[in-house]
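Quick notes on the structure that follows.
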Amino acid sequence: MKIILNDRALLKISGADSELFLQNQLSNDIMKLDNSTAQINAYCQHQGKIISLFWVMKDEESFLLSFPLDLLEKIQSRLQMFVIMSDVVIEDVTKDFCQVGLINEIHERAFIIKDQLSVVLEKYNNEILTDFESIEMWHKACIDSQLPEIFSITSEKLVPQMLNLDINEFGVNFSKGCYPGQEVVARLHYLGSAKRRLFTFESNLEINIGDSLYCSSSKSAKARGARYKSSGMVVFKLKYNSNFYCLATLDVEIQDEKITLNNEQGPTLIKINNE
């Protein structure tokens, strides 16, 4: 199954210092990246909160960063700030390539992301693109695989552990060395289990990215009484057929309790077991 991912930006990072530059900026080990993998990386600020998630791909001596289009201006300008005297060139190549998502397909030039998901970068030409499925199919596959995203509305609000990026070091390498926010992320890791994790939910009523998750039986809700405190946040959502699906962070201790959106009277969320 092939899907055009026209909601994603693409930056090219080139120059003699490009690998070291990304190694010092991102959460995963860029030096372990091969030519067939789209490596998940968190780009964090100094407090360890994620500004953006990247699919990082190696293209000969250069690197390509794929991420949601609504963060393009913010990411490009912020990365450029840290180039300083390094031999690094940052280019917006979003309009030069068509990003094609593949579900359960093998392609010799594919970059594997997770499970049965991969991406191919095709040079744009004047040919009419046909035989592609709707982007909703890709979003549903991402939710089924618990592949998270960060958008402008959720930027700088979540640490990597909340998106399960530390599990099996999928998006965070704990031995690679320093990057912005590394001390905070490492401290959370070595202190013990994360208190908030990523889960999959469905509902028969509308869900929006940035919505809060509420649990009336949680300790925070009981302690604050009428003063509402969020127990999680929706980070990715999709309407598929007649239902709504989402990936959302949630306090681990209440994962089996009744969860509603935004307040006690909001739509009920049903947790889906992805295992």
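The values are calculated or read from the model by the stated rules, or taken from the named source; none is laboratory data. What you see is a predicted model; the values in this text were computed from it and never measured. Positions of Cβ are backbone-derived with ideal geometry, glycine not excepted, and every protein chain shown enters the neighbour counts. All accessible areas refer to the heavy atoms of the entire protein, side chains included, with ligands and DNA or RNA removed. Shrake-Rupley method; radii C 1.70, N 1.55, O 1.52, S 1.80 Å.
Numbers below:
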quantity: Test: residue in region 87-107 that is in a strand (DSSP E or B), acidic (D, E) and touching a residue at least 24 places away in the same chain (Cβ under 8 Å); calculated: yes
quantity: Sole exception among (1) open to solvent by 60 Å² or more (accessible area, probe 1.4 Å); (2) among the β-branched types (V, I, T); (3) closer than 22 Å to F132 by Cα for V89, by number; calculated: (3)
quantity: Set K219, K176: member being open to solvent by 60 Å² or more (accessible area, probe 1.4 Å), more than 25 Å from R8 (Cα to Cα), among the charged types (D, E, K, R) and modelled with pLDDT under 95; calculated: K219
quantity: Qualifying residue in region 59-67 (condition: touching a helix residue (DSSP H, G or I) at 6+ places or on another chain (Cβ under 8 Å), open to solvent by 60 Å² or more (accessible area, probe 1.4 Å) and farther than 27 Å from V159 by Cα); calculated: yes
quantity: Q80, sole failed condition from (1) surrounded by 15 or more Cβ atoms within 10 Å (Cβ to Cβ); (2) over 29 Å from H189 (Cα atoms); calculated: (1)
quantity: Extreme residue, nearest to F54 (Cα to Cα), among residues of region 149-162 that are crowded, with 19+ Cβ neighbours inside 10 Å and hydroxyl-bearing (S, T, Y); calculated: S155
quantity: L71 over 22 Å from A110 (Cβ atoms), among the hydrophobic types (A, V, I, L, M, F, W, C) and either in a strand (DSSP E or B) or open to solvent by 10 Å² or more (accessible area, probe 1.4 Å) (or both); calculated: no
quantity: Residue under evaluation M137, criteria (1) touching a residue at least 24 places away in the same chain (Cβ under 8 Å); (2) farther than 28 Å from A194 by Cβ; (3) open to solvent by less than 20 Å² (accessible area, probe 1.4 Å); (4) not in a loop (DSSP other than H, G, I, E, B), criterion not met; calculated: (3)
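Yes/no per residue for (1) under 19 Å from A38 (Cα atoms); (2) in contact with a Ser or Thr (Cβ under 8 Å, 6 or more places away or on another chain); (3) open to solvent by 80 Å² or more (accessible area, probe 1.4 Å); (4) not in a loop (DSSP other than H, G, I, E, B):
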residue	(1), (2), (3), (4)
I84	no, no, yes, no
S118	yes, no, no, yes
L147	yes, no, no, no
V172	yes, yes, no, no
